[in-house]
Amino acid sequence: MRVALAVTLVLAASLALASAAVAQVADDEPLPDPIPPRIELGGGGGLMVSFPEVGVMASVPTGSGPAFEVAVGWMPRVAYDVEHVLAQAQFRIPFRPYLRSRRSLLIGVTRVSARKRHPYDSGFWGDDPTVVFPHAGVSLQWPMGRHADFRFDAVGLFTLDSELPLVGRATTAFVWHPGGTR
């Protein structure tokens, strides 16, 4: 038991020191070129609360910083719930364009609707077959090669309901983009 605790503490300390050492940058060292604006196409899956989801997304730059994105997802029937279709429009605003791993703020709207609805089925959120929620969250993206990235998005959908005001959604995707070495 003590050996496992000691190994855990040593690993935690080494990870903390390694990340601090990597984070230091000399003042006179030039910053790398920012990641250029680029079109991105991707596909992946995730979870909204406990509902599995698969989908596709597209990202189009609006200038040197933000990008406009659209996504379409399908949430299959789980147990007694019906199939749902998800549509999302959002802006991705980068925190720092000089980082190799892209970290961005996501702000937009999400629409969830029941695909096939029977008379006694409920919708995703209550009795309405279609709901629209504003959302905000973060996007983390790491290069996997010259034309591919791995992306993780975590957003909260604001339901404006007093019982559960925030619904979580997490997705992962492999993203393709033309050109570039980053």
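The values are calculated or read from the model by the stated rules, or taken from the named source; none is laboratory data. Computed from a predicted model, the values in this text were never measured in an experiment. In this analysis, Cβ positions are derived from the backbone assuming ideal geometry, glycine residues included, and neighbour counts consider all displayed protein chains. These accessible areas exclude ligands, DNA and RNA; they are computed on the full protein's heavy atoms, side chains included. Shrake-Rupley method; radii C 1.70, N 1.55, O 1.52, S 1.80 Å.
Taking amide H atoms as placed 1.01 Å from N in the peptide plane, the amide H of MET144 lies under 5 Å from those of ASP149, PHE150, each 5 or more residues away in sequence or on another chain.
Taking label points 7 Å from Cα along the Cα-to-Cβ direction, ARG111 and PHE95 give a separation of 3.2 nm. For VAL109, the solvent-accessible surface computed with a 1.4 Å probe is close to 70 Å², ligands and nucleic acids excluded. FRET efficiency for the VAL132 to ILE39 pair, using the beta carbon distance and R₀ = 22 Å, is estimated at 0.25. Distance between the pseudo-spin-label points of GLU163 and MET144 (7 Å out from Cα toward the beta carbon): 3.9 nm.
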